[in-house]
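Trainee: I'd like to ask some things about the structure below.
The numbers here are math on the coordinates, done by the rules we state, and not lab data. Being a predicted model, the structure only gives us computed values, none of them experimental. Using ideal geometry, Cβ is built from the backbone for each residue, glycine included, and neighbour counts are taken over all protein chains shown.
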């Protein structure tokens, strides 16, 4: 909990507000903490990373993250709408520039949907089926 303007709010609500500067008081110290929009925005984006069926997805990562990873220098790959099996012999990290895909890991009864703007990590050894409904254009890196 944090105290802002004399009222108690949950820290998570603090991330969703749109004001520019905040003075926050910890529930244990009463020392003011100045939070800026950039701090809040980066924390908010970090919270958007999810993992489902072993696939990690970060929706719309900040450009600073893409630059840090060197994404724009990775090779590109694309394909038209299609359905095909794939096995990852190494971990793949990719950034989708365009497209929409349902990825179904072998043995799973559900799919993971990925699309344009997603930074995705597939684990080494995963076998799956790609069902591409909108043509894909992506940067990728195997490690």
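Trainee: Going by how many other Cβ atoms sit within 10 Å of their own, how do 143, 127 line up, fewest first?
Mentor: Details: 143 8, 127 11.
Listing 143, 127 from fewest to most nearby Cβ atoms yields 143, 127.
Trainee: Is segment 90-133 best put as rounded, prolate or oblate by its Cα gyration tensor, with a ≥ b ≥ c the root eigenvalues, rounded for a/c under 1.5, and otherwise prolate when a/b is larger than b/c, oblate when not?
Mentor: Because a/c hits 1.5 or more and a/b fails to exceed b/c, segment 90-133 counts as oblate.
Trainee: Based on other C-beta atoms within 10 Å, arrange 131, 137 from fewest to most. Let's see the in-between values first.
Mentor: Numbers: 131 16, 137 13.
Fewest-to-most Cβ neighbours within 10 Å comes out as 137, 131.
Trainee: How would you rank 117-125, 66-74, highest first, on the average number of other Cβ atoms within 10 Å across their residues?
Mentor: Details: 117-125: 17.0, 66-74: 13.2.
Output ranking for 117-125, 66-74: 117-125, 66-74.
Trainee: Now for a different question. Please state, to two decimals, what the Cα-based radius of gyration of segment 48-142 comes to when divided by 2.2 N^0.38 Å (N = residues).
Mentor: With N residues counted in segment 48-142, Rg over 2.2 N^0.38 Å equals 1.00.
Trainee: Quick one: what Rg and Dmax do you get for segment 47-89 from the alpha carbons, in Å?
Mentor: Over segment 47-89's Cα set, Rg and Dmax evaluate to 13.5, 33 Å.
Trainee: Among 93, 49, which comes first, second and so on when ranked by fewest other beta-carbon atoms within 10 Å?
Mentor: The order, fewest Cβ neighbours first, is 49, 93.
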